[in-house]
Amino acid sequence: MDSIVQQLAKKINMSYDEFVGEMRKRGCSEPTAKKIWHGEYENYKNFNDHDMSLSNLRKAADVFKVGTGRLLPPQKNKTGGFTCCGSRLHTN
């Protein structure tokens with residue numbers, strides 16, 4: 001399954017190399033850009049649990065012209081709905 005970043009890249013026909021290049025232009029290291037591309041930051045229980053710097057996620061969001069919250073996977077909340085960054089997205 002593609003990461004959120006890969007899904008966004010696919011929508012605009014952006015390759016891995018183009019993404020890494022754009023991230024490098026914004027001051028992100030290639031290893032960190034690779035981790036973001038592969039979605040390694042998406043698997044966490046608490047936002048503080050992952051090792052991706054929020055500033056690097058902001059850089060990735062800038063590449064795609066989206067808000068940072070768009071890169072975060074929805075998390076199931078106590079009421080059965082899904083939230084992302086504290087705002088309710090939708091319910092099941």
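The values are calculated or read from the model by the stated rules, or taken from the named source; none is laboratory data. As the structure is a prediction and not an experimental result, all values here were calculated from the model. Cβ coordinates were reconstructed from backbone atoms using ideal geometry, including for glycine residues, and neighbour counts include every protein chain displayed.
Data table
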| quantity | calculated |
| --- | --- |
| Residue that is at pLDDT 95 or above and either of a type outside the set (Gly, Ala, Ser) or under 17 Å from Asp2 (Cβ atoms) (or both), where the choices are Glu42, Glu30 | Glu30 |
| The range 38-49 residues that are closer than 11 Å to Leu72 by Cβ, paired with ones that are modelled with pLDDT under 75 and not in a helix (DSSP H, G or I) (beta carbon under 7 Å, 6 or more apart) | Tyr41/His50; Tyr41/Met52; Tyr44/His50 |
| Subset of the range 1-26 (residues that are part of a loop (DSSP other than H, G, I, E, B) and at pLDDT below 95) | Met1, Asp2, Ser3 |
| Candidate set: the range 48-65, residues that are more than 12 Å from the chain's Cα centre (by Cα) and not in a loop (DSSP other than H, G, I, E, B); chosen: the one modelled with the lowest pLDDT | Asp49 |
| Of the criteria (1) assigned to a loop (DSSP other than H, G, I, E, B); (2) at pLDDT 90 or above, which one Thr79 fails | (2) |
